[in-house]
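Enquirer: Below you'll find the structure I mean.
The values are calculated or read from the model by the stated rules, or taken from the named source; none is laboratory data. Source: prediction; values computed, not measured. Methodologically, a virtual Cβ is constructed for each residue, glycine included, from the backbone with ideal geometry; neighbour enumeration extends over all protein chains shown.
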Amino acid sequence: MNIHTYEKAWLVAAMVLIVGFMATITYGAVGPGIAMIDDDGGTIDPAEINDHERFGDPGVEHVGGNEYEVNVVAQAWAYTPEQIEVPANSEVTFYVTSRDVTHSFSVVGTNVNTMVIPGQISEMTVRFDEPGEYGILCNEYCGEYHHTMEGKLNVVPEDEFDLTELSVDAPSEVEAGNETTITANVSNGMQEDLETTVALEIGDQGSERDVTVPGDGSEAVEFTVDSAELGEGDHDWTVTVDDHEETGTLTVVNATDGGDESAANGGDGDA
């Protein structure tokens, strides 16, 4: 059978287009790392999320080098955590599960876009090279306030990122003439040791302590406060470590005024 030259050209062009379409679809599904939900992320009992080692305290974890894991719980109609912060030049693996119904976890502007099914753990990895802000949306209808379900991912410069946390244990009252203790608890979420300085200011007094907090550990720093040097009355205090700060007030009372002895021996500072 004789095929006209122009027909041959169109047949070849059609075959090239078909192969090109198939290659494009294959790359779009495999190349950027897009995948359907499977068992790779694992399974979970939605009723036991609070006791799960990964989702009991969801958030960002440093796993070494420039690699991070972000654990997220979706539920009607919010993500926990609602705001996520990771450093630029990092590879981030998201682990997401649902507490109630089917949701989705879509980071706008990236290839992170997956269904979040109760009983399943969705796992996705993406690299962030530059600082920026990304919206997080739910694209699966999940009820009346589905349209309000959103979050935010902030990619910050490397030198602005840390996983340091500060909490302070401090009394609210102390009797005049007695000493008391203000304790700063510093947690380090990075795998590398953190060398930093913890400072206390109270009244006109100030004190600093250099401390090394082990990787993925914590350290308690105690400051002894002499009420005799402060004098009676209210004294505001501030504890700082790097860019973190906690504040509160210590009241020095006269023993004859019936100060609360239990308050003088414990309590929490005001954040």
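Enquirer: Could you tell me whether the stretch 197-211 includes any residue that is in contact with a strand residue (DSSP E or B) (Cβ under 9 Å, 6 or more places away or on another chain) and within 19 Å of residue 61 (Cβ to Cβ)?
Expert: no
Enquirer: Would you check if residue 168 is surrounded by 15 or more Cβ atoms within 10 Å (Cβ to Cβ), farther than 19 Å from residue 63 by Cα, touching a Lys or Arg at 6+ places or on another chain (Cβ under 7 Å) and of a type in the set (A, V, I, L, M)? Explain how you work it out, then say what you get.
Expert: Numbers: surrounded by 15 or more Cβ atoms within 10 Å (Cβ to Cβ): yes; farther than 19 Å from residue 63 by Cα: yes; touching a Lys or Arg at 6+ places or on another chain (Cβ under 7 Å): no; of a type in the set (A, V, I, L, M): yes.
Criteria not met by residue 168.
Enquirer: Can you confirm whether the stretch 122-136 contains a residue that is surrounded by 15 or more Cβ atoms within 10 Å (Cβ to Cβ) and among the small types (Gly, Ala, Ser)? Before the answer, list the steps.
Expert: Here is the first cut: in the stretch 122-136, the ones surrounded by 15 or more Cβ atoms within 10 Å (Cβ to Cβ) are 122-124, 126, 128, 131, 134, 136.
Right, trim to among the small types (Gly, Ala, Ser) and you get 122.
Scanning the stretch 122-136, I find at least one residue that is surrounded by 15 or more Cβ atoms within 10 Å (Cβ to Cβ) and among the small types (Gly, Ala, Ser), so the answer is yes.
Enquirer: Here is a follow-up. Counting only residues that are in a loop (DSSP other than H, G, I, E, B) and more than 16 Å from residue 78 (Cα to Cα), how many does the stretch 109-139 have? Please lay out each step first, then the result.
Expert: Step one: list which residues in the stretch 109-139 are in a loop (DSSP other than H, G, I, E, B), which gives 109-112, 117-119, 121, 129-131, 138-139.
Restricting the remaining residues to those that are more than 16 Å from residue 78 (Cα to Cα) gives 109-112, 119, 121, 129-131.
Residues meeting the conditions: 9.
Enquirer: Could you please give the count of residues in the stretch 213-232 that are among the polar types (S, T, N, Q) and either touching a Pro at 6+ places or on another chain (Cβ under 9 Å) or surrounded by 21 or more Cβ atoms within 10 Å (Cβ to Cβ) (or both)?
Expert: Within the stretch 213-232, the first condition is being among the polar types (S, T, N, Q), and the residues that meet it are 218, 224, 227.
Checking the rest, the ones that are also either touching a Pro at 6+ places or on another chain (Cβ under 9 Å) or surrounded by 21 or more Cβ atoms within 10 Å (Cβ to Cβ) (or both) come to 227.
Number satisfying all stated conditions: 1.
Enquirer: Oh, and also: Quick one: in the stretch 142-163, of everything that is surrounded by 18 or more Cβ atoms within 10 Å (Cβ to Cβ) and at pLDDT 95 or above, which residue is farthest from residue 192 (Cα to Cα)?
Expert: First, the residues of the stretch 142-163 that are surrounded by 18 or more Cβ atoms within 10 Å (Cβ to Cβ): 142, 149, 151, 153, 155, 161-163.
Applying the additional criterion that residues be at pLDDT 95 or above yields 142, 149, 151, 153, 155, 161, 163.
Numbers: 142: 41, 149: 35, 151: 29, 153: 24, 155: 20, 161: 14, 163: 11 Å.
The qualifying residue farthest from residue 192 (Cα to Cα) is 142.
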